Structures are given as C-alpha cells and as structure tokens.
Amino acid sequence: MISQSYAHDGFVRLPGFLDGSAVSEVSVQLDRVVRDVVPAMPSEHVFYENKDDPSTLKQLQYLNQHDEWFGELFQKGSFRRLAEELLRGPVVPKNFQYFNKPPGVGMPTPPHQDGYYFKLAPCEAVTMWLALDHVDRVNGCVRYVRGSHDLGMREHGRTRTLGFSQGIVDFPQKNDRLAEVPCPAEPGDLLAHDALTIHWADGNRSQTRSRRALGLIYYSERAQEDSAAHAAYQQRLAEDLRREGKI
C-alpha cells in the first residue's frame, strides 16, 4: 500500500498521478499566472535566479492565496485526499508552490528537512512534488535519504540558496550516502515525503531543458504551528533577502 511504503521509507513515488491532459492544463494556467498574477505578487513570494532576468523565474510561494484556479486545485481533489491518506486524518492545506531550475543556471537545492521551516509540534506534515518536465540526474532530480524521517531533526544552518535558506550542516554522513535514492520523474509523476525526510537536488546542468515542478504542503490537523516563531523566521529571511538585493 502507498501509506505503508510512505511510513517505511519516508517518501513515496506515484508515477502518472496526473495524466497528460491535466499536466498540459497546469502548464497553461502557470503561463497565465506568470503573465497576469506574478507582477502583483509581493517580492517575498517571487524568486528569480537573476531578478533582472524574468526568464530565470525560480520559485513562487502561496499560489493558493494569489490565484483562484490553483487554490481550488489545492483545497479539493486528489492531492488533498492523498495527504489525508498519508497523514492518517484531516489536513490543513498550507502552501502551494511552483519551482523551476532554468537551463544552465538552476542552482542546487541544499540537503534539508522541511519540518525545520514549518515549526510544528508534532512534526506531522507532507510535501508533494509534481514533475512538469522530464527530470533526471542532469537537470536536477530530487534525492532522498530513505528512512531518515525516523531519525529526528538534524542541525540546520544558513545557506546562500535563494528559496532554501537553511540546510543540514553535517551532510553528508556515511549513512546518508548509503541510503540515498535518486528519483527521476516524468511529467505528471508525483513524489510525496514526510516533513522529516532528508532530501536535496543538484543544479540544472542542461543547457536546453527546464526543470519545472509544483510543490504542495499539507499539515496534519494534529500538528500545532508555533506561529510566532514561523512569522519571525519569515520576517528575518525577507529582511536578509532585501538587504542582499535578492528580492
């Protein structure tokens, strides 16, 4: 069963979660959002590899708050049902993201655990990653450390990677590499991982292929967010990014 594999490994792969027509519709809606919605979004929700070059769009945060179509997709349907299955109960839809690693300039994603950012007790949440392009080792497939969700939170420290401000400071340890699982994907394939599962991705070394994906975050209703700590972290991060001229 999906939930058993997820509980054992800390992640699960679901090939063809969306069919070709659904992936095409998502791409059409993303193009619309980039054209019509992004110009009005706050700078702390829009990241570029080079903020002076719109073609290097890297990440969009909280699509569910900024666009009705993506909000509907997030709140209802197959993604939420899967989250409820994996988290064994009702969920709170938290953040709907868009990610890209543009050809030749997409930077690596540092090894991290999403729960470090979430500030939850208990740390019960799932992140879903839906491929919109063919993704392999060249353009930056996601990599997991199988079973790492059972080993607790590792120490994190500040990185220089836009959109992923914290990374595991002692990575890799020997067991990290022994348990590493690369996850190539086709458009419509879904990865889902526990908030404590260690994961990362290389940069995009292809000069011609993008690496677009959607990210959906759901919290368990059992999890309580330290909203003050989360808000303070987000404020410090935004201030740092503005001071460094990145947003």
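Take the residues in the stretch 175-209 that are in contact with a Cys (Cβ under 9 Å, 6 or more places away or on another chain), among the small types (Gly, Ala, Ser) and part of a strand (DSSP E or B), then tell me which one is farthest from residue 85 (Cα to Cα).
Restricting to residues being in contact with a Cys (Cβ under 9 Å, 6 or more places away or on another chain), among the small types (Gly, Ala, Ser) and part of a strand (DSSP E or B), the top hit is 201.
Mind checking whether some residue in the stretch 145-163 is within 15 Å of the chain's Cα centre (by Cα), surrounded by fewer than 22 Cβ atoms within 10 Å (Cβ to Cβ) and polar (S, T, N, Q)?
Checking the stretch 145-163: at least one residue is within 15 Å of the chain's Cα centre (by Cα), surrounded by fewer than 22 Cβ atoms within 10 Å (Cβ to Cβ) and polar (S, T, N, Q).
Could you list all residues from the stretch 210-227 that are in contact with an Asp or Glu (Cβ under 8 Å, 6 or more places away or on another chain) and either of a type in the set (Asp, Glu) or part of a loop (DSSP other than H, G, I, E, B) (or both)?
Matches in the stretch 210-227: 210, 211, 212, 222, 223.
Scan the stretch 56-86 residue by residue and report those that are surrounded by fewer than 16 Cβ atoms within 10 Å (Cβ to Cβ) and not in a helix (DSSP H, G or I).
Residues satisfying the conditions are 76, 77.
I'd like to check something: does the stretch 38-55 contain any residue that is surrounded by 16 or more Cβ atoms within 10 Å (Cβ to Cβ), more than 18 Å from the chain's Cα centre (by Cα) and in a helix (DSSP H, G or I)?
Yes, the stretch 38-55 contains a residue that is surrounded by 16 or more Cβ atoms within 10 Å (Cβ to Cβ), more than 18 Å from the chain's Cα centre (by Cα) and in a helix (DSSP H, G or I).
Could you tell me whether residue 136 is closer than 15 Å to residue 189 by Cβ, more than 12 Å from the chain's Cα centre (by Cα) and surrounded by fewer than 20 Cβ atoms within 10 Å (Cβ to Cβ)?
yes
Could you tell me which residue of the stretch 176-193 is surrounded by the fewest Cβ atoms within 10 Å (Cβ to Cβ), considering only residues that are hydrophobic (A, V, I, L, M, F, W, C) and over 9 Å from residue 145 (Cα atoms)?
183
Out of all the residues in the stretch 139-146, is one or more closer than 20 Å to residue 198 by Cβ, of a type in the set (Val, Ile, Thr) and touching a Cys at 6+ places or on another chain (Cβ under 9 Å)?
yes
Read-outs: derived from the displayed coordinates by stated rules, not from any lab. Note that the coordinates shown come from a computational prediction; the quantities given were computed from them, not determined experimentally. Virtual Cβ from ideal backbone geometry, glycine too; neighbours counted across all protein chains shown.
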